[in-house]
Amino acid sequence: MSSFSNEDEVYRYIGGIFESAFEDAEIGPKLVDTGLVLKFSFTEPDSELVIDMPGKQVHRADTDGLTPSATMSMKGEVANAYWQGKVNLPFAMARGKISVEGNVASLLKLAPLGKKLYPVYIDHLTNDGRQDLLV
């Protein structure tokens, strides 16, 4: 499985998913309405993203005043595969490939919205000529 080469790529591709989602007329308001602040903690490469859904913002790391509702930790290659629809969240959690701290129930409610973003992610990789990241 392929992964990102650095923190900038994580922000560009994973963070970019949420930036696109916030602009989407259907998905954006649904994300905002969750009221969630979601933190992603990645290894290989080491990086963090904080998604402030009510504020419609993507941050590269922890920010003052934002307390995550949930934190998801995983390797970069798992995140890359997940956003292509190749990783089942509950199974990945059960197998220890993704660990979650905080409000797991709210996180699982986001899964159907995430599925609508898989094509956006794949198109972004394809348009950037990143076949090396396609699973």
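The values are calculated or read from the model by the stated rules, or taken from the named source; none is laboratory data. The structure displayed is predicted, hence computed values, not measured ones. Backbone-built Cβ (ideal geometry, glycine too); neighbour counts: all protein chains shown.
Brief remarks on what is shown
- For beta carbons closer than 8 Å, sequence separation of 6+ or different chains, a first residue in region 23-35 that is under 13 Å from Leu110 (Cα atoms) and touching a residue at least 60 places away in the same chain (Cβ under 8 Å) and a second that is assigned to a helix (DSSP H, G or I) and of a type in the set (A, V, I, L, M), the qualifying pairs are Ile27/Ala21; Ile27/Leu113; Lys30/Leu113; Leu31/Ala21; Leu31/Leu110; Leu31/Leu113; Thr34/Leu110.
- Test set (1) in a helix (DSSP H, G or I); (2) touching a Pro at 6+ places or on another chain (Cβ under 9 Å); (3) modelled with pLDDT under 95; (4) of a type outside the set (Phe, Trp, Tyr) - Leu38 fails condition number: (1)
- The number of residues in region 59-86 that are surrounded by fewer than 19 Cβ atoms within 10 Å (Cβ to Cβ), closer than 25 Å to Ser5 by Cβ and of a type in the set (A, V, I, L, M, F, W, C) comes to 1.
- Of the criteria (1) of a type in the set (Val, Ile, Thr); (2) within 14 Å of the chain's Cα centre (by Cα); (3) surrounded by fewer than 16 Cβ atoms within 10 Å (Cβ to Cβ), which one Ile51 fails: (3)
- Of all residues in region 41-67, those satisfying the criterion of being closer than 14 Å to Ala79 by Cα, part of a loop (DSSP other than H, G, I, E, B) and touching a residue at least 40 places away in the same chain (Cβ under 8 Å) are Glu44, Pro45.
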